[in-house]
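No value in this document is a laboratory result; all are computed from the given coordinates. Every value quoted in this text rests on a predicted model; they were computed, and no experiment measured them. Virtual Cβ from ideal backbone geometry, glycine too; neighbours counted across all protein chains shown.
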């Protein structure tokens, strides 16, 4: 249930994101999800790709600073309160969310990539509460 | 190991006697053969017989790089050109090049002091010495070359550049001693790692590094990345080239070959001689040089001297690793800042690469300092707050160590230009305006 996420350090300079996506394209790497956290000087591009090892190696060779870490992806109903119910479970179990990013799959459900301070506990708690988690293999295929 | 025990372990009294004799002869030579010095000495009422002891040096005139430039190219030479067998010159990026000359005996002296230097680093005839200092007008390559040949080592005169080939040959030839600038040794270490090579793939055991200031932290990094003993060597072409002073494996200061080069420390502002132990500008009198003898030459390097006996047995006066250059000193909002101090701060933190760039500017009549630091794979994560904390920590450490506030900019790896020679660490935009 653990999903590998790649983070790329990007300076706030014209064309850096374009460069990363070009490298991924040329190496035939597909992105399933991504988000960017930006500050005044730099940005962190976080993404989930179909071949994390290859993406890591390729981007490193191109001189990017890369970090790999673990996230989980849960499926919540695409309706009012859908996200709330999942987050409420985490809060009640004393798990704090570092960040998350979400996308709607169809009109019925949404995928939420979530990074917490305790990934194993997060999985355990969510599963116990019947929140559906996406397997790495499934997500990479999106 | 000591190359010349007679000189390097001489007692103070005997050394001073030798220096006095040599100084007297040198004053004769420059008075009679160099109009520039004759005029200077006459101006202060000196005639050759007046100088009998090195104690009198403090009353004699100083020589600067400008004096060499004003007398470009051969005006300060003390021998006819027919006696000069070699000329070296600085790159001259800041004006006319600085030209230095050597007689055959000067080249012998150079070989001798470089033999001492390499022996001091532990080298013997059984070593393979990989010389990646530039050959040519720069003194680095040939200086180490002479010393390595003199001790009978196997010399690889590869010169600078072409990093891939350097690594290949170092591996294939089983080089044991590396000679290059400290920043280039780190560049080599990175390139080795990129090729998937480990220190155990090489036979390197020591390095003699000089030609630019470097810190203790940088030494630790070189030693761990290349798994070698990193020895600091000191020299400048005006004095002879490399071979003016060198560390022994105890790494407690550089032994100055003072039978040839008499050191003094002066206050760079008042020009007064400072006692042992005080930090100031290093000045040399080259008492044996024939082609280009220099009286009290200002090196611009900042250090301090000690006469305490070293554990290695040498009695030569020692200089501390250079702390910076009096002309590299930046004055930012009235505070004296040396780029090497910022390097120390970064290396001590062990959370960034030792590659940095200082950008000094003046905005609304106020000096600004921006420090570019490369983000390292090992110390960066998916969380913004961690990077922001790193930035704040660097800012805090610089401010507490240097007493100036700085803006920290985190940049992508390898965006700061790597040097294969001397590193460019400062862009002072105030000078461009």
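Max-minus-min Cα coordinates of the protein assembly as shown on each principal axis give 103, 57, 40 Å, with the largest extent listed first. The alpha-carbon positions of segment B:53-151 define a convex hull whose volume is 146 Å³ per residue. Of all the C-alpha pairs in segment A:70-141, what % are more than 17 Å from each other? The calculated P(r) of segment A:70-141 puts 36 percent of pairs beyond 17 Å. Among B:5-16, B:70-81, sorting by the average number of other beta carbon atoms lying within 10 angstrom of each residue, highest first, gives B:70-81, B:5-16.
The mean number of Cβ atoms from other chains found within 10 Å of a Cβ in peptide A:36-43 is 4, as a whole number. Sorted from longest to shortest, the spans of the Cα atoms of segment B:1-109 along the three principal axes equal 42, 42, 28 Å. Could you work out the percent of alpha carbon pairs in chain B separated by over 31 Å, rounded to a whole number? The share of Cα pairs beyond 31 Å in chain B comes to 43 percent. Among A:70, A:11, A:124, the largest mean-square fluctuation in a Gaussian network model of chain A (Cα springs under 10 Å) belongs to A:124. Among DSSP beta bridges lying fully in chain B, give the percent that are antiparallel, nearest 5. Among the beta bridges of chain B, antiparallel pairing accounts for roughly 60 percent.
For segment B:330-432, the Kirkwood hydrodynamic radius from C-alpha pairs, put into Stokes-Einstein at 37 °C and a viscosity of 0.692 mPa s, yields a diffusion coefficient of 232 µm² per second. DSSP beta bridges fully contained in segment B:330-432 are about 60 percent antiparallel. Compared with the dominant principal axis of the Cα atoms in chain B, helix B:139-151 is inclined by about 70°.
Dividing the convex hull volume of the alpha-carbon atoms in segment B:218-261 by its residue count gives 77 Å³ per residue. The C-alpha atoms of chain B define a longest principal axis, and helix B:339-349 lies at about 40 degrees to it. Take every DSSP beta bridge whose two residues both sit in the protein assembly as shown; close to 75 percent of them are antiparallel. Across peptide A:64-71, the mean count of Cβ atoms from other chains lying within 10 Å of each residue's own Cβ comes to 5. Peptide B:387-393 has a mean shielding of 2, counted as Cβ atoms of other protein chains within 10 Å of each residue's Cβ. Mean residue ellipticity, 222 nm, helices only, chain B: the sum of -39500 (n - 2.57) across DSSP H runs of n ≥ 4, divided by residue count and rounded to 500, is -9500 deg cm²/dmol.
Between segment B:140-154 and segment A:34-113, the alpha-carbon centres lie 59 Å apart. The average projected area of segment A:3-69, computed from the convex hull of its Cα atoms over all directions, is 4.1 nm². Each 10 Å bin from 0 upward holds the following percent of the Cα-Cα pairs of segment B:112-209: 17, 54, 26, 3. Applying 0.36 nm per residue to the separation of residue B:201 and residue B:50 and subtracting their alpha-carbon distance, the gain on full extension is 48.3 nm. Using only Cα coordinates, the Kirkwood hydrodynamic radius of segment B:360-413 works out to 12.2 Å.
Which residue fluctuates the most in chain A, going by a Gaussian network model with Cα springs under 10 Å, if the choices are A:40, A:65, A:55? Per the Cα network of chain A with a 10 Å cutoff, A:40 tops the list.
Between the helical axis of B:216-226 and the longest alpha-carbon principal axis of chain B there is an angle of about 70 degrees. Over segment B:183-337, the hull volume per residue, using the convex hull of the C-alpha atoms, is 136 Å³.
Compare the peptides B:164-175, B:243-254 by average per-residue count of other Cβ atoms within 10 angstrom and give them in order, highest first.
Descending mean neighbour count gives B:243-254, B:164-175.
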